[in-house]
Amino acid sequence: MRIKLKLFLISILISLSGLSTGDDVTLPQLAFENLEQTMRVSQDGLNLLKLSTNRPADTLAYSLDGKDAAYFTVDSQGQVVFKKAHNYKERSSYKITFKAQDTAEISASGEVSYPSTLFLVVRDGDLYQNDHWEPSRVGACEYYENISPALDEITLGLTQNNDQKSIFEPTQIFDDETTTLMVSKVESNESTIPFNSMKSSNKFRTIDGGEPDFLYDDGSHGDLVAGDGVWTLSCLRPALINSTFSELNPFNQINGLEILSSNYRGTEPAPEIISPTLSVNDTGFFYKNNQQYLIDSDQTAWVLANPATSDALKQIWDYKGSIFNLYTMSNTHGGWGAGMWRIHDFIRGTGHNAPPCDNYSHCFSFSDDQDHPELIAGMTVGGGLRVDGLIHEVQHALLGFTMKNFPEANANSICDGNPDCSRELSIDYAHIEANTTLNSDLKGPPWNPEFGYPHSIRIRKSDGSTTEPNVIYDDEDEVFKVVERTRAMQYGTSDFLLYQQGLLSAEDALKDEYKIIGYTFPGCELENKSRFCPDGYEFPYEESIKFNVTDSIAKFGGYENPRGLNVYDPAAIKMAMIQMSGRNHTEAEYTIDSKIYRSWANDGADQERTSFDGKDLEGDPPWAFSIKGLGRIIVDFSSRIDTDSDGLPNDCDAGCITAGLIEDFDDEYEGFLGRVELRLEYGRDEEGHQEKFYETKIYESAEEFYKDYDYYFKKKQQAQANK
C-alpha cells in the first residue's frame, strides 16, 4: 500500500506542466496575467485594478515604478488604488511599471516587471444621446451607409468654391475609423481621376484593404451626385494602424487627415446639452451649424461669426448673459485662418483711435438685441492638432497694436511705413517692428535691410541649422545683439506691454526698451539675399531711442478700464471658445478640441507648450505663459461641478457654486496677487430658468476666501435639502 501511494504521487508530479521531478521543484517564470502594454480601464471608486499572476498571491510582494507611480498605491493582495480620485481635466493616461516578487523564492524567475500605459475611461456610450453621428469603423464601412450628415452640404460647398480643394470628412478620426475624401475643381472631363494625383495612395487603404486607385464622380464609391465636379472616395482608412503611435505622439497626420489613438475614446465626459445645436463643457461651446456649410466661404463664415447674425452667439448669450469679453470661433475643417475684429475699445492708454460710435463702440449690432459693452473683440482661429495663432489674435484684441508717433514721430514722411528709418514701434499700426527690444507675439521677424521682405536675417546655430533671431539689449555688455528667438521671447510679453494690458502697475513696468534706427548686418554671411548671423552677433546701427511706460503715459495717458473689474478683469478674461461643425462633433474631434484648449487656457506660466494629455504640441503655449502667470483666460462656462474625493456634488438642479483659483494663496499661484473669482450659480426664476450670479472679489487671505466659499456652499446644500 505504501509503494502504490508513492508511485501515485510521482505520477502527479510528472503530469504538472513546468515542474520537474527530483529534489528541486522548478516553478514557472513569474508573470502577470491581466496586464497589456496599453490598457483602457475604468475607475471603481479609488480602485483601479487588481493584479493577478501565475503564482499564488500569499507569497508575493507588489510594488509600482515608472513615471506616474506616485499617483497610486498597491496593497499586499495586488489591489492598485488611486491616492486621489482621477481628474480627467489633468490627464487621461498613466505610465506605470508593475512589479511583483515571490518572497519565498530567491531567483530571477521569481521576479517580474511589466510597463504599461493605462487610459482612464470616464464615459461609456455616445457623446450625444440623440442625433449623434460617428464615422464607420474599419471593417464595418459600406459606401452608402452611415453617411455623414454634413456630406451633402460639404459637397455643395465644394461645387461653389472657385479653387481646387480636397477635404476629408471627417478631418479628424480615431485610428480605427474611416473617412471620405472629396476633391473639386479638377481639370478633367472623366468620371474618375487617379487617387495618386491628389493624395499618396500607399498611405491609405480602401474598403477591401487595397491601395486606392481612383476618385469617382459617377455616383459610386460614396460619390453623392454624378457629374457635379466633386470626385469622391468613401470608406478610406490610414494604411498604418496603431504602429504609428507612441507615448510621445498620440497623433498622426497623413496628407491632411488627422488621426488620434483610439485609446482616448471615452476619456472625456459628455458635454451638457443647451439646445439641439449647442452644447458646452469646461473648455467651451460646441455648435452644430444648421446653416449652409460652405467650406472656405468668406460670406458664410462672416454670417456665422458676425455678432449681428450669429445664432451661436445668440444662444450662448441667452444661456450665460452678457459676460464675455472675447469670443473665438474654429471649425472642424480648418477652413478659417486666424483673424480678429474690434467691437469695443474701452481700454484707455493704449493709443487707439476713438471708435466711431458712442460708448467706445465700433458700431456693431448684436443677434440678441443687447448692447454688450463688455465685448472687446471676436476672433477666428484655424482648427487642428494644435492651437495656432490664438495668442497673436488675443494680443491684437487687447493691445492693437497702434501707438502712432511713438516713441517718436517721423520728421520725414519718407520714413512713414519704412521699417529701416521709421521712429515708430509699428508701421502698419497692428504689429510691432522687429527692430525693437520689446517681446510679443505681435512682433515680426527682422528682414534683411539690404533687400527687404521676404529676405530675412537668420541665426546660424553651431550644428548648422538656422532659426529666427530676436533683437536684445545686452545690459552687461551695453550693446545691441541678435540672438536665437526663444519661445519666451516669441510668445512672452514685455513688462511695457503687460502694463498696457492692465496686468502690471507702472511702477513695476519701468524697464527701459529701445527702438533701433538703421541697423545693418555686415558681419553675417550673405546667401540668396538673406543674412546668416552667429548667435549673439553685435550689429552696427545709426541710432537708438530709449523709452518706457512713463513716456507712453505722457503721450497717451495711463492705463484705465472705465468698465470696471466686474465687467472686464484683465487677469480673468472671459472668452467664449466656440467649436463649429456642420453636424454634431464626433468623439475624436471633441476629444482633441477639449484636451488642447483645456491645456491652453489652464496650464501654468512654467509650461512653454500647450499639450495634449501631457504631450507637448507645436504652436501656441498656454495663455499664462505669454503673460508671465499674471492672469488667465476663462473658457469654462458649464454648470457642471465635478465630484472629487472631497465629496463636492455635481448636481446643479437646485443651485451650484464653483470657485476659480481656490489655491491662489499657495506659492504656485502668487502671481495672481490674491485675485480670486468666486463664481456662483443658484436658484431659479419664476419661469423655471436658473438664475446666475457672478462676482469677482479681491481677498486679503485664504481664510477670508474660504469663509465666503463655505457660506455659499452651505447655501447650496440648504437649497438642495428644500428641493
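Panel order for THR73, THR103, THR610, by other beta carbons found within 10 Å of each beta carbon, from fewest to most: THR103, THR73, THR610.
Length available on full extension from LYS67 to SER191: 0.36 nm per residue minus the Cα-Cα distance, which gives 39.2 nm.
Between ALA409 and ALA308, full extension at 0.36 nm per residue minus the direct alpha carbon distance yields a gain of 32.5 nm. Once both labels are positioned 7 Å from their Cα atoms along Cα-to-Cβ, the gap between ASP508 and ASP163 label points is 4.4 nm. Average projection, convex hull of the Cα set of the stretch 45-191: 15.2 square nanometres. Output ³J(HN,Hα) for the stretch 145-160: one whole-Hz value per residue in order, computed from phi by the Karplus curve 6.51 cos²θ - 1.76 cosθ + 1.60 with θ = phi - 60°, and x for Gly and Pro. Each residue's phi maps through the Karplus curve to give 10, 6, 6, 4, x, 8, 5, 5, 6, 5, 4, 4, x, 5, 5, 9 Hz. Residues MET329, MET198, ranked from the fewest to the most other C-beta atoms within 10 Å, line up as MET198, MET329. Taking 25 °C and 0.890 mPa s as conditions, the stretch 151-264 diffuses translationally at an estimated 170 µm²/s according to Stokes-Einstein applied to its Kirkwood radius (Cα pairs).
Going by neighbour counts of Cβ atoms within 10 Å, the residues SER148, SER367, SER505, SER626 line up, fewest first, as SER505, SER367, SER148, SER626. Close amide H contacts of THR38 (hydrogens built in the peptide plane, cut-off under 5 Å, sequence separation of 5 or more or a different chain): THR117. Only one residue of LEU156, HIS221, VAL183 has its Cα farthest out toward the positive end of the dipole of the stretch 151-264, where Lys and Arg carry +1 and Asp and Glu -1 on Cβ, and that residue is VAL183. If only the Cβ of Lys and Arg carry +1 and only the Cβ of Asp and Glu carry -1, the dipole of the stretch 21-121 around its Cα centre is close to 780 debye.
For ILE432, the residues whose amide H sits under 5 Å from its own are LYS443, GLY444, ignoring neighbours fewer than 5 places away on the same chain, with H placed 1.01 Å from N.
Amide H contacts under 5 Å for ASN410: ARG423, restricted to partners 5 or more places along the chain or on a different chain, H placed in the peptide plane at 1.01 Å from N. Give me the distance between the Cα centres of the stretch 80-117 and the stretch 389-464, rounded to whole Å. Between the Cα centre of the stretch 80-117 and that of the stretch 389-464, the gap is 53 Å. Say R0 is 35 Å: what FRET efficiency, to the nearest 0.05, do SER465 and ALA239 get from their beta-carbon distance? That gives a FRET efficiency of 0.65. Rg ratio for the stretch 72-128: its Cα radius of gyration over 2.2 N^0.38 Å, N being its residue count, equals 1.54. Summary of the geometry: the stretch 303-368 and the stretch 534-554, compared by the centres of their Cα atoms, lie 35 Å apart. Dividing the convex hull volume of the alpha-carbon atoms in the stretch 519-608 by its residue count gives 301 Å³ per residue. Remark on the stretch 21-121: hydrodynamic radius 14.4 angstrom, per the Kirkwood mean of 1/r across alpha carbon pairs. Largest first, the three principal axis extents of the alpha carbons in the stretch 155-215 are 33, 23, 15 Å in whole numbers.
Rounded to the nearest whole Hz, the Karplus-based 3J(HN,Hα) values (6.51 cos²θ - 1.76 cosθ + 1.60, θ = phi - 60°) of the stretch 464-472 follow the sequence x, 6, 10, 8, 6, x, 9, 7, 10, with x at glycine and proline.
Distance between the pseudo-spin-label points of ALA108 and GLU560 (7 Å out from Cα toward the beta carbon): 7.9 nm.
Under the convention that each Lys and Arg Cβ holds +1 and each Asp and Glu Cβ holds -1, the size of the dipole of the stretch 75-199 around its Cα centre is about 660 debye.
Each reported figure results from applying straightforward, stated rules to the coordinates on display, with no laboratory input. This one's a predicted model, so the numbers in the text were calculated from it and none came from an experiment. Cβ: placed from backbone, ideal geometry, glycine included. Neighbour counts: every protein chain shown.
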